[in-house]
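The values are calculated or read from the model by the stated rules, or taken from the named source; none is laboratory data. This one's a predicted model, so the numbers in the text were calculated from it and none came from an experiment. Note: ideal-geometry Cβ built from the backbone for every residue, glycine included; neighbour counts use all protein chains shown. Surface areas here come from the heavy atoms of the whole protein model, side chains and all, with no ligands, DNA or RNA. Shrake-Rupley method; radii C 1.70, N 1.55, O 1.52, S 1.80 Å.
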Amino acid sequence: MAIELYGYRYSVYSWIARLALHEKGKAYDWIEVNPFAENIPASYLATHPFKRVPALVHTGFVVYETGAITRYVDEAFEGPKLQPAEPRERARCNQIMSIADSYAYWPLVRQVFSHGVFRPLTKVQADANEFQKGLEAAPRVLSALEKAAGEGQYLCGNQPSLADIHLAPMIGYFVLAPEGKTLLHKHRRLSDWWAGFSKRSAFVDTTPQLPSALP
Ligand SMILES: N[C@@H](CCC(=O)N[C@@H](CS)C(=O)NCC(=O)O)C(=O)O
């Protein structure tokens, strides 16, 4: 059963979708789409009317929105279960995914990583004010995640779940800024989780290769 994943190599949400497929052990074809480009193919715009990535196509079934994709991957295919069955653990898993989308993505990725790491690397004008705003917003997000995380090896117990898969790429980009790493290390649970999860082969294998610094 062919799976096609449309994504952009540096996109954190595409990374989440790839990570879910790797954790599930499902092979897929990768189709590169840069959502920031001006010439996005019309066929992709028909697939994703909001011009974002990723989108997944599985034997004619199209799904976009990363949480919907990863839940579909978990529920449609054989492999390790990536969502807790127990209602409270499952609610916690969904809560962490939603915190990541609603409160972590913008400051951690679009402000700290983009303006502190990616733009300087690619010689695109960075805004120090945006970077600072991200650093100021991050502690509240990290404290909330620290509180939501359980005491198991992973965020929701002792098995990896979609909560880990949703949050880890965002933290992965955030800690590339030394200031981000310092803030993460103020949180014991999150630091311990990060030290373990970031070594998983699915995570290492899907980590985007950032462009090397341009002269
Ligand atoms: N709600 C979407 C968000 C996806 C998203 O924002 N993707 C970013 C890349 S990480 C994107 O396509 N950005 C293009 C833009 O902002 O124009 C999801 O869950 O998939």
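What are the GluC sites (Glu not before Pro) within region 108-215 that DSSP puts in a loop, where the Cβ has at most 13 other Cβ atoms within 10 Å?
151
Using a Debye calculation, one point per C-alpha and no hydration shell, please list log10 I(q)/I(0) for region 3-76 at q = 0.16, 0.28 Å⁻¹ in order.
Cα-only, vacuum Debye calculation for region 3-76: -0.48, -1.48.
To check you understand DSSP bridge types, tell me what percent of the beta bridges within the chain (both residues inside) are antiparallel, rounded to 5.
Within the chain, antiparallel bridges account for around 70 percent of the total.
Mind pulling the per residue volume of the convex hull built on the Cα atoms of region 51-201? Å³ is fine.
130 Å³
Does a label point 7 Å from the Cα of residue 176, set along Cα-to-beta-carbon, have any residues of region 17-57 with amide nitrogen under 18 Å, and which are they?
Taking a point 7 Å out along Cα→Cβ of residue 176, the residues of region 17-57 whose backbone N falls under 18 Å are 17-19, 33-37, 53-54.
Compute, for residue 101, the solvent-accessible surface of its heavy atoms (probe 1.4 Å) with the complete set of protein chains present, and express it in square angstrom to the nearest 10.
Near enough 70 Å² of accessible area.
For the chain, with all protein chains present and a 1.4 Å probe, just round the carbon and sulfur fraction of the accessible area to a whole percent.
With neighbouring chains kept in place, the figure for the chain is 52 percent.
In terms of Cα to Cα distance under 29 Å, which lysines are near enough to residue 147, apart from those fewer than 8 places away along the same chain?
Leaving aside lysines fewer than 8 places away in the same chain, those within reach of residue 147 are 24, 81, 133, 181, 186, 199.
Would you mind pulling out the separation of the Cα centroids of region 11-35 and region 97-151, in Å?
Value for the Cα centre distance between the two parts: 21 Å.
Taking the solvent-accessible surface of protein heavy atoms with a 1.4 Å probe, what is the per residue accessible area of the chain in Å²?
Averaged over the residues of the chain, the accessible area is 51 Å².
Kirkwood Rh, region 106-195, all Cα pairs: how many Å?
Final number for the Kirkwood radius of region 106-195 is 13.3 Å.
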